[in-house]
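Some notes on the structure that comes next.
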Amino acid sequence: MFSSIRAKILFLFIVGMFVIVSAVITFVLTEVNKHYTDSFYKRGQIAAEDLSSRARRLFQLGLLLDEFLGFEQQCIEIVKTNPGISYAALVDNNGNILYQSGYHPSQNSSLEKSSVINTQSVTKKRGLQIRHPLKFPSYNENGMVLITVDQNAIDVEVNALLNKMLVVGVVLTIVGTLIVLEFLRRNLGLPVNALLQHIKSVNLEQTRTLPDQLEKRDDEIGTIANTFGNLLQKLVGTQNALLAANEDLRGHTHSLEKTVKERTRELRHANEELQRLAHTDTLTGLPNRLYFMDLFYSSYAHAVRHGQNLAVYLLDLNGFKQINDQFGHAAGDLTLKVIAQRIKKSFREDDTFSRLGGDEFALLVKEYSCSEDLIYIAEKASAIISESYAWEGRWLSVGASIGIATLNTETLPSADDLLGAADAAMYEAKRQSAPYKFAIKPAVQTQP
């Protein structure tokens, strides 16, 4: 908004003066308004006492409230002789106005009786109204004198004083602004302009000394100028050092980029190897349980979404424990490796054969045309596993119990249900000594 320091300081000064003058005027007006209000209110109290004493004298003459002839003229006289009082009246104990100085817009023709009876204090202020009770126990008569102080009269006095104070405040603000402006021009504007001209003429390749009018100053501007000169010298030295360092950095950049590329390539290869090891059975080289379960759940969701066929085979070896017990774990490990190699060579690449652990395997078949295809796969797997193999001059062999479950969302509504059905079918095949068992009648999805 303001581009120069002088303009900002001048603006802040004017705002500060405005705030101070406004605060002073507000405080003074509050006190003056209170003073005038109290003054007019005391005048109303005196008028109420005067009118009450006149009423008492009439009572002492034996007159009742409604027999005060000429009392209305006395109310008018109270209003005329007391500036600031706009209304005077006498009210009986029923709240009826008996005598008044004239019609008052804010008053009704009568007041509530309770407001008169409950007024026990000598003088009570309600807004700018004064109500002075009259009690005459011997005459069994009660009344009240009502005086209204004119708010407009107070406002006129306060506004007149406000106008005078505003004129004085404006004059003081203008004079103070001119004085501050000249002070800023001499002590800030001229020195700052000289400093700015020196800064604009600075060239790191050709430094210049400070002007005498800046270098010899002992105030803040002189300090800034000398500090800038020292900083400029340091910048020149720093620039030279940076130029030399930049040349050295350029020599190392190529070597560093080459090293980073080599490390990145090594990390990528290491990460790929970790991923492979995390999803591979170290003994057989087959996908492990973790890989199979991830693939099974994703394949199940894809088959359900697109209406495709899906079958899962769970295989458990028969006779494997006897080979381990009789010939040792080396023979058992060879058995697992041989079966893994034979199955991998005999089935499609799209069919995933995995080792779940121990002597348990799983086969995931994603596409097939009919139930005969599933039977063919089961018989082929059973035959391959049953083939004998050599071990230290002996021929060994094992069998397999296979459980088969196919995708059927009506009877097996989830992936876990499908896997559980295959597991149950595998144990039923083992119980019946059958090579394979289907969980339910194989289902074939209609291809779109």
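How many angstrom lie between the C-alpha centres of region 374-388 and region 420-439? Measuring centre to centre over Cα atoms gives 15 Å. In this structure the amide hydrogen of Y87, modeled in the peptide plane, comes within under 5 Å of the amide hydrogens of T148, none closer than 5 places in sequence on its chain.
Applied to region 72-85, the Karplus parametrisation 6.51 cos²θ - 1.76 cosθ + 1.60 on θ = phi - 60° returns per-residue 3J(HN,Hα) values of 5, 5, 5, 5, 5, 5, 4, 5, 6, 8, 10, x, x, 9 Hz, with x for Gly and Pro.
The residues E247, E428, sorted by heavy-atom accessible surface at 1.4 Å with ligands and nucleic acids left out, run E247, E428 from largest to smallest. The packing ranking of peptides 415-425, 48-58, 311-321, highest mean first, is 311-321, 415-425, 48-58, where packing means the average number of other beta carbon atoms within 10 angstrom of each residue. Once the 1.4 Å probe is applied to the protein heavy atoms, region 298-448 comes out at 50 Å² accessible per residue. Restricting region 270-379 to GluC sites (Glu not before Pro) that sit in a DSSP loop and have at most 15 other Cβ atoms within 10 Å of their own Cβ leaves E349, E367.
On the protein heavy atoms, probe 1.4 angstrom, tell me the percent of accessible surface of region 17-86 carried by carbon and sulfur.
For region 17-86, the apolar C and S fraction of the accessible surface comes to 61 percent.
Take every pair of alpha-carbon atoms less than 8 Å apart whose residues are at least six positions apart; their mean separation over the length of region 1-102 yields a relative contact order of 18 percent. The residues Y427, Y297, Y368, Y436, sorted by heavy-atom accessible surface at 1.4 Å with ligands and nucleic acids left out, run Y427, Y297, Y436, Y368 from largest to smallest. Here the 3J(HN,Hα) profile of region 370-378, calculated from phi with Karplus coefficients 6.51, -1.76 and 1.60 at θ = phi - 60°, is 8, 5, 4, 4, 5, 5, 4, 5, 5 Hz, Gly and Pro shown as x. What the phi angles of region 256-261 give under the Karplus curve with 6.51, -1.76 and 1.60, with θ = phi - 60°, is a coupling list of 5, 4, 5, 5, 5, 4 Hz, glycine and proline written as x. For region 26-82, with the dipole built from +1 on Lys and Arg beta-carbon atoms and -1 on Asp and Glu ones, taken about the Cα centre, which of T81, G44, L29 lies farthest toward the positive end? The Cα lying farthest towards the positive end belongs to L29. I'd like the distance between the alpha-carbon centres of region 229-304 and region 13-83, rounded to an integer number of Å. Cα centres, region 229-304 to region 13-83: 91 Å.
For L134, the residues whose amide H sits under 5 Å from its own are G143, M144, V145, ignoring neighbours fewer than 5 places away on the same chain, with H placed 1.01 Å from N. Distances between placed amide hydrogens fall under 5 Å for L98 paired with L90, V91, D92, all partners being 5 or more residues away or on another chain. Dipole of region 221-331 computed with +1 at Lys/Arg Cβ and -1 at Asp/Glu Cβ about the Cα centre; of Q239, T259, Y291, farthest Cα towards the positive end is Q239.
The values are calculated or read from the model by the stated rules, or taken from the named source; none is laboratory data. Computed from a predicted model, the values in this text were never measured in an experiment. In this analysis, Cβ positions are derived from the backbone assuming ideal geometry, glycine residues included, and neighbour counts consider all displayed protein chains. These accessible areas exclude ligands, DNA and RNA; they are computed on the full protein's heavy atoms, side chains included. Shrake-Rupley method; radii C 1.70, N 1.55, O 1.52, S 1.80 Å.
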